[in-house]
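A short worksheet on the structure shown next.
The values are calculated or read from the model by the stated rules, or taken from the named source; none is laboratory data. What you see is a predicted model, and the numbers here were worked out from it, not measured in a lab. Every residue, glycine among them, receives a Cβ derived from its backbone with ideal geometry; neighbour counts consider all protein chains shown.
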Amino acid sequence: MSKYGTIPTSSSSSGAGAGAGAASPLDFISRAKARGATALATRRPWRELADPHAVGLPPSLGEAYLRVRANLAHFAMNYAIVVLVVVFLSLLWHPASLIVFLVCMVAWLFLYFLRDEPIVLFGRVVGDGAVLAVLAAVTLVLLLLTNATANIVSALLIGIVVVVLHAALHKAEDNVDDEVGRWYTPVPPTPSH
């Protein structure tokens, strides 16, 4: 199902000026703050992410895979923030790329994350998947045009390696029960006879 209508666009449906196009910038800002708080609410405490007592080598490759799956679901927002920070830091030495990155982030916020209503072009509703694909392609092309290709790719790889390493080393016993059915269905262990 779609995410539209989760936050009301106006406080009342009656009265003068209460229409689809009558939302003020203050209404948009308050909706944006509410959506941002909702999105950040899925972030886990950083203390839980950095708990040194939860770190340990997995006993097998299968266990490492299960840990990665569980931790990617459990710490999804934290991991996204980590990768974005790594990319952002790598762009500090490329001001043009940094500006493009920030402009693209604003476009993502307005066109994908913070909108209440579907995008309509030429009388047709544009689906979330199409918006996601176009924004991803435009962002990638614009960043690659800033001649920071190697820098961006290496930063993404570093961010992904850090996330996967953490996910494999972080013991996920406490995380699995929280995430069942959210991103995946865990496979029950095979009985030993």
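Per-structure values
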{"read-out": "So Val134, is it surrounded by 13 or more Cβ atoms within 10 Å (Cβ to Cβ), modelled with pLDDT of 85 or more, not assigned by TED's automatic domain parsing to the domain that holds Leu66 and not hydroxyl-bearing (Ser, Thr, Tyr)", "value": "yes"}
{"read-out": "Matching entry among Phe122, Phe110 (being exposed (fewer than 13 other Cβ atoms within 10 Å of the Cβ), closer than 27 Å to Asp27 by Cβ and at pLDDT 85 or above)", "value": "Phe122"}
{"read-out": "Any hit, the stretch 137-148, residues being touching a Ser or Thr at 6+ places or on another chain (Cβ under 9 Å), surrounded by fewer than 13 Cβ atoms within 10 Å (Cβ to Cβ) and not in a helix (DSSP H, G or I)", "value": "yes"}
{"read-out": "Members of the stretch 105-130 that are part of a loop (DSSP other than H, G, I, E, B) and out of contact with any strand residue (DSSP E or B) (no Cβ under 8 Å at 6 or more places or on another chain)", "value": "Leu114, Arg115, Asp116, Glu117, Phe122, Gly123, Gly127"}
{"read-out": "Selection count, the stretch 66-104, where residues are without any contact (Cβ under 8 Å) to a residue 24 or more places away in the chain and either more than 24 Å from Leu135 (Cα to Cα) or not in a helix (DSSP H, G or I) (or both)", "value": "0"}
